[in-house]
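Below is one structure, written out as structure tokens; comments come after it.
Each value in this text was obtained by applying a stated rule to the coordinates, not by laboratory testing. Given the structure is predicted, the values throughout are model-derived calculations rather than measurements. Backbone-built Cβ (ideal geometry, glycine too); neighbour counts: all protein chains shown.
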Amino acid sequence: MVSLNSYPSFPSDCKSLLSKHLTKKVYEQLKDKKTSSGFTLAQAIASGVENHDSGIGVYAGDIESYDTFAALFDPIIKEYHGFLKSDSHVSNLNANDLNAPNPDSENKYIVSTRIRVGRNIANLPLGPAITKEQRDEVEKQAASALNSLEGNLKGTYYPLDGMKEDVSEKLIEDHFLFKAGDRFLEAAGLNRNWPKARGIYHNDEKTFLVWVNEEDQLRIISMQQGGDIKEVFQRLTSAISKIEEKIKFLYSDHLGFITSCPTNLGTAMRASVHIKVPYLSQDYAHFEEITNKHHLQIRGINGEHSQSVGSVYDISNRRRLGVTEVQCVQDMYDGVVELIKVEKELALR
Ligand code: ADP
Ligand code: DAR
């Protein structure tokens, strides 16, 4: 059990939003508070207290955490998302509103496209505070809803518990499956009872996948080779509406879809391409100038905290809260169009 007997100290080079916004005043105000699922400030900040290289450093244990610990979460949400207590989130999952003809029909630049959302089940705690029995219930509800999918979404649910290591390693290598939880998730209590009640659903073509009980209770993922971003989004939105016929998700008018990490609140969407930019990546300042202009994030190709390989980068929307799902994908699309344009120009020099 995470305990906190005194105000935590952070090294002077710690840049986490936790270290910036957990003032002594906020600590004294929150240190003895608990949510109705018993979730404490100590648990909410454990990841950032143990991992000083965190960017954020906090995780919510339930929807109530965002109210109970508002004195800490609100300034973090304001700084990360530019979103105020008085703001309301609006969702738009209508793929017809996306203007995105394939920007790389000759498949010269975009290796693959992936769009994911995080979802958590209503009336249950989030991963950091969930009990083993509740997590088992999540897996039961998710597997039942997923195994009822038909048509191009039809597939099979594979529990991680009992999965042969070579099978899981191959799924991870193919970018289909999550790695065993990292140290940030470990410290947040998200890896408890691993690999119990964790698993992956995928359709036969492996273009539609759902991770169960990783950082969020569901990560609903549409992905395919190449750059037909609109087709990936259309598959995702139709799958979400099918799953919502069976499962009610945690949502609030203020924060949108509720997630354990505040960076994913709102749309809980990350729309990414793996894109080859050998010329542009040699001028990283120019590369970042374009991604910043379109509110995009640059990641390596093996997930968060990984490196680029062979001039291939993971480019995705940074905004998630206070923008709609269509805008998240439009941000990524518009940025990718400019990245390809500049890469072409540099290749001709
Ligand atoms: P998330 O996107 O779920 O927040 P990560 O950034 O860790 O988490 O990515 C999860 C997995 O998805 C990693 O294996 C990563 O390589 C893979 N991935 C992300 N974007 C793409 C993409 N556009 N094409 C192929 N694989 C991708
Ligand atoms: N390691 C945490 C994660 C922040 C955002 N990424 C998520 N939620 N996967 C940090 O505070 O850096």
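Within the stretch 124-146, if we keep just the residues that are polar (S, T, N, Q) and touching a residue at least 12 places away in the same chain (Cβ under 8 Å), the residue that is nearest to His202 (Cα to Cα) turns out to be Ser144. Among residues of the stretch 202-224 that are touching a residue at least 24 places away in the same chain (Cβ under 8 Å) and of a type in the set (Asp, Glu), those with a beta-carbon under 9 Å from a residue that is more than 15 Å from ligand 2 (Cβ to nearest atom) and part of a strand (DSSP E or B) at least six positions away or on a different chain give the pairs Asp204/Gly155; Asp204/Thr156; Glu205/Gly155; Glu205/Gln224. Of the residues making up the stretch 284-303, those that are touching a Gly at 6+ places or on another chain (Cβ under 9 Å) and surrounded by 16 or more Cβ atoms within 10 Å (Cβ to Cβ) are Ile290, Thr291, His294, His295, Leu296, Ile301.
Filter the stretch 199-239 for residues that are among the acidic types (Asp, Glu) and within 16 Å of ligand 2 (Cβ to nearest atom) and give the result.
First, pick out the residues of the stretch 199-239 that are among the acidic types (Asp, Glu): 204-205, 214-216, 228, 231.
If the condition is that a residue be among the acidic types (Asp, Glu) and within 16 Å of ligand 2 (Cβ to nearest atom), then Glu214, Glu215, Asp216 are the ones that fit.
Here the condition is being without any contact (Cβ under 8 Å) to a residue 40 or more places away in the chain, buried (at least 17 other Cβ atoms within 10 Å of the Cβ) and not β-branched (Val, Ile, Thr); of Ser311, Ser272, Ser306, Ser281, it holds for Ser281 alone.
Restricting attention to the stretch 240-282, the residues that are in contact with a helix residue (DSSP H, G or I) (Cβ under 6 Å, 6 or more places away or on another chain), within 16 Å of ligand 2 (Cβ to nearest atom) and small (Gly, Ala, Ser) total 1.
Six or more apart or on different chains, Cβ atoms under 7 Å: show the pairs whose first residue is in the stretch 34-63 and within 29 Å of Arg299 (Cα to Cα) and among the charged types (D, E, K, R) and whose second is within 16 Å of ligand 1 (Cβ to nearest atom) and part of a loop (DSSP other than H, G, I, E, B). From the stretch 34-63, the pairs are Asp62/Leu126. Given the condition surrounded by fewer than 20 Cβ atoms within 10 Å (Cβ to Cβ), more than 16 Å from ligand 1 (Cβ to nearest atom) and among the β-branched types (Val, Ile, Thr), answer yes or no: does some residue in the stretch 152-160 qualify? Yes: one or more hits. Here the stretch 249-263 is the region considered, the condition is being of a type in the set (S, T, N, Q) and surrounded by fewer than 24 Cβ atoms within 10 Å (Cβ to Cβ), and the residue that is farthest from Ser308 (Cα to Cα) is Ser252.
Pull up the stretch 314-349, narrow it to residues that are touching a helix residue (DSSP H, G or I) at 6+ places or on another chain (Cβ under 7 Å) and charged (D, E, K, R), then point me to the one that is farthest from Ser281 (Cα to Cα). Across the stretch 314-349, the extreme among qualifying residues is Arg320.
Per-residue answers, yes or no, for (1) away from ligand 2 (no atom under 16 Å from the Cβ); (2) of a type in the set (Lys, Arg); (3) crowded, with 21+ Cβ neighbours inside 10 Å:
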| site | (1), (2), (3) |
| --- | --- |
| Asp13 | no, no, no |
| His21 | no, no, no |
| Val26 | yes, no, no |
| Ser47 | no, no, yes |
| Glu50 | no, no, no |
| Asp53 | no, no, no |
| Phe69 | no, no, yes |
| His81 | no, no, yes |
| Ser86 | yes, no, no |
